[in-house]
Amino acid sequence: WLQVYQWKRWFVTDIMAGLTVAVMIVPQSMSYAKLAGLPVQFGLYSSLVPIYAYAVFGSSRQLGVGPVALVSLLLSTGLTMILEQDGITPETTDSYDAIYATLALQTSVLVGISYIGMGILRLGFVTIFLSHAVISGFTSGAAIIIGLSQLKYIFGYD
């Protein structure tokens, strides 16, 4: 793409687009990290690394990569349930945050390996079998859960 890039025509607008995304992605990624139950630094790293990786390996100029609210919510819910089943809670374990962060990183690595494997095997066609109703219901349900989970911050209760 570098050989066909029209520097005089696109460079200024690309810089403006990059700055706009940077201004938006910082607070957004920090809130996604908090939604996932992780420190805000994790959100900043998880928003920057995919952009650089996609710049090297990606092929679409319109695709957005990075953390999303649904994945943050699923990670938080899943890890909290697993830890609670083992009796590990913030009240009972001093190193809860470290254990939680380690599990989040391990989950991320496993998901990345799975994605790479699916890409190599060209399994993208599997998404055809997910109906619009299922995707819409999942997205709507997640939006309601995310909205309700933020009420404690709006009203100031624990």
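The values are calculated or read from the model by the stated rules, or taken from the named source; none is laboratory data. Since the structure is predicted, the reported quantities are computational estimates derived from the model, not experimental observations. Cβ: placed from backbone, ideal geometry, glycine included. Neighbour counts: every protein chain shown. Calculation scope for accessible area: heavy atoms of the full protein, side chains included, ligands and nucleic acids excluded. Shrake-Rupley method; radii C 1.70, N 1.55, O 1.52, S 1.80 Å.
Helix 69-85 axis versus longest C-alpha principal axis of the chain: approximately 30°, rounded to the nearest ten.
If you roll a 1.4 Å probe over the chain with all protein chains in place, what percent of the accessible area is carbon or sulfur?
70
Mind checking the per residue accessible area of region 1-130 for me, 1.4 Å probe, whole number of Å²? Here the per-residue accessible area is 77 Å². Here the chain is treated with +1 on each Lys and Arg Cβ and -1 on each Asp and Glu Cβ, and its dipole about the Cα centre works out to around 900 debye. Against the longest principal axis of the chain, how steep is helix 40-57, in degrees 0 to 90 to the nearest 10, with axes from Cα atoms? The angle comes out at about 30 degrees. Across region 12-102, the convex hull enclosing all Cα atoms gives 102 Å³ per residue.
With the simple spin-label model, which puts each label point 7 Å out from Cα in the Cβ direction, the S108 to T92 separation comes to 2.7 nm. Estimated from helices alone, the mean residue ellipticity of the chain at 222 nm is -24000 deg cm²/dmol (sum of -39500 (n - 2.57) over DSSP H runs with n ≥ 4, per residue).
Summing +1 for each Lys or Arg and -1 for each Asp or Glu among the other residues whose beta-carbon sits under 15 angstrom from that of Y100 gives -4. With the Kirkwood sum run over all distinct C-alpha pairs, the chain has a hydrodynamic radius of 18.4 Å.
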